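> Dumping the structure here so I can ask a few things about it.
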Amino acid sequence: MNLNEAAASLLGAACGSAPTVVARAPGRVNLIGDHTDYNDGFVFPMAIPFGTAVAISPRTDRHVTAVSERFGSVSFALNDSPTTSEGWGRYLHGMVWALTNHGVDVPGFDAAVVSDIPGSSLSSSAALEMAIGTALAALAGEQVPSAALAQLGQHVEHEVIGVPVGIMDQLISAAGVAGCASLIDCRTLEIDHSPLPDTVRVVVLDTGTRRGLVDSKYAARRAVCERVASALAAPALRDVTLADLEGVDLDPTDRRRAMHVITENERTLGAAACARGGDAVGLGQLMNASHESLHDLFEVTGPAPDVAVRLARKLDGCLGARMTGAGFAGAAVALVEADAADHFVAEMTARFVAPPSQPSTEPPAFHVVWPVRGAHVVQPTA
Ligand code: GLA
């Protein structure tokens with residue numbers, strides 16, 4: 001049974017109804033460009049074959065009941081504030097609230113949610129938001145463009161969940177294209193999809209570690225970036241060059257954070273150009289440099305991703321490896337020559353052990369992934 005069928009079957013078991021709509025949205029891995037999106041910069045992520053499926057059927061009253069295979073049941077009334085919901089229900093409730101405010105006539109409904117996104121750092125929250133948003137828009141018979149849907153998800157994160165995320169995760173989950181990584185200009189939301197060279201494979205290195213209590217660190221990094229931009233009277237760090245930083249009186253740590261963002265934007269543009277030109281070696285080198293910058297200057301790589309990255313780089317056929325996403329723990333990503341990928345995965349599986357300072361709480365796992373399409377309805381409205 002695939003994910004879509006599993007969601008439909010869970011809806012039947014929990015609510016006794018057949019779905020009117022089933023929608024699916026993928027998780028993502030970011031190849032390069034981390035902590036740049038909220039600086040109006042550039043990112044180069046791809047949607048991955050792991051995702052979240054939502055099966056929905058309308059109700060005649062103004063209530064929502066929903067069940068998640070992993071996280072249990074939630075229920076609320078459409079008029080309740082989304083902050084009255086807890087756990088995963090807050091994401092669902094938040095999307096209902098955001099879509100309604102956007103003018104979508106969301107009815108009461110029953111829903112079932114199934115996901116196979118492993119570990120952390122692979123955007124399971126964004127996939128949940130985009131799957132729910134896609135399903136509810138279809139249920140209401142509305143077209144919501146992917147950029148608008150992504151912005152609604154980001155709005156939920158800011159206003160309902162309380163984390164000041166950028167747009168990357170929601171936008172790639174909504175708008176990914178099969179076979180392509182996507183260069184996103186996070187200021188204009190323009191997307192340039194580049195087919196990945198077929199001589200390489202992307203391997204997700206899930207260290208089995210989770211970040212706890214790091215939302216505050218993420219928010220603190222964002223605040224530093226905004227402080228430096230404002231000290232330079234720039235709208236965002238996107239508009240600042242390394243030369244601009246010279247001669248300005250900045251806290252040394254703040255300066256290093258800004259240097260990461262400025263150089264990461266350059267690397268990300270370079271990496272997308274490498275991918276377009278089929279230069280997998282160049283792409284891998286930029287991924288390596290990105291990790292070092294996130295480690296030394298931005299200081300967001302966790303001990304376990306660091307160990308995974310260092311091990312990956314020693315293995316045959318590895319062209320580059322780096323942390324991915326917010327950092328601190330969770331997954332890393334490697335670019336590996338296609339014919340070395342199976343051996344690479346076997347070696348990582350045999351040799352990776354998370355360090356005592358950040359032990360795995362789930363078994364580490366290594367997945368060869370190829371880009372898939374973004375959020376879509378898999379079973380149209382009846
Ligand atoms: C998280 C956020 C994104 C982005 C990354 C870091 O995944 O949700 O918006 O800021 O961290 O690049």
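> Sketch the reach of a paramagnetic label on residue 338 as a point 7 Å from Cα along Cα-to-Cβ, and name the residues of region 181-199 whose backbone nitrogen lies under 12 Å away.
196-199
> Over region 245-370, average the accessible area per residue using a 1.4 Å probe and give it in Å², no decimals.
Values: 5070 Å² over 126 residues.
Per-residue accessible area for region 245-370 comes out at 40 Å².
> Which of 77, 111, 272 ends up with the largest GNM mean-square fluctuation for the chain, with Cα atoms connected below 10 Å?
It is 77.
> Using θ = phi - 60° and the Karplus relation 6.51 cos²θ - 1.76 cosθ + 1.60, list the HN-Hα couplings for region 276-289 in order, rounded to whole Hz, with x at every Gly or Pro.
4, x, x, 8, 5, 5, x, 4, x, 5, 5, 4, 4, 5
> Percent of accessible area on region 196-369 owned by carbon and sulfur, 1.4 Å probe?
54
> Further, regarding this structure: Report the GluC sites (Glu not before Pro) located in region 1-104 that are in a DSSP loop and have at most 12 other Cβ atoms inside 10 Å of their Cβ, or state none.
Sites meeting the loop and neighbour criteria: 86.
> Taking amide H positions as placed 1.01 Å from N in the peptide plane, with prolines and chain starts having none, which residues 5 or more places from residue 379, or on another chain, fall under 5 Å of its amide H?
22
> Next question. Would you pull out the residues with amide H under 5 Å of residue 200's amide H, same chain only if 5 or more places away, H placed 1.01 Å from N?
Under 5 Å from the amide H of residue 200: 338.
> Further question on the same structure: State the Cα centre-to-centre distance between region 308-351 and region 147-177 in whole Å.
Their Cα centres are 28 Å away from one another.
> Now a separate question. Just to check I understand the Karplus step: with θ = phi - 60° and J = 6.51 cos²θ - 1.76 cosθ + 1.60, what whole-Hz values come out for region 294-301, glycine and proline as x?
5, 7, 7, 9, 8, 6, 10, 7
> Taking θ = phi - 60°, what integer Hz values does the Karplus form 6.51 cos²θ - 1.76 cosθ + 1.60 yield along region 164-180, in sequence order, with x for Gly and Pro?
Residue by residue, region 164-180 yields x, 5, x, 9, 3, 5, 5, 6, 6, 5, 7, 10, x, 10, 4, x, 10 Hz.
> Kindly state, as a whole number, the per residue volume in cubic angstrom of the convex hull around the alpha carbon atoms of the chain.
Details: hull volume 50.9 nm³, N = 382.
Enclosed volume per residue, from the Cα hull, is 133 Å³.
> Let me ask something additional. Using all Cα-Cα distances in region 196-369, what percent lands in each 10 angstrom bin from 0 up to the longest?
That works out to 10, 34, 32, 19, 5, 0, in percent per bin.
The values are calculated or read from the model by the stated rules, or taken from the named source; none is laboratory data. Just so we're clear, the structure is a prediction, and the values are computed from it rather than from any experiment. Cβ coordinates were reconstructed from backbone atoms using ideal geometry, including for glycine residues, and neighbour counts include every protein chain displayed. Please note that ligands, DNA and RNA were not included when accessible areas were found on the heavy atoms of the full protein model with its side chains. Shrake-Rupley method; radii C 1.70, N 1.55, O 1.52, S 1.80 Å.
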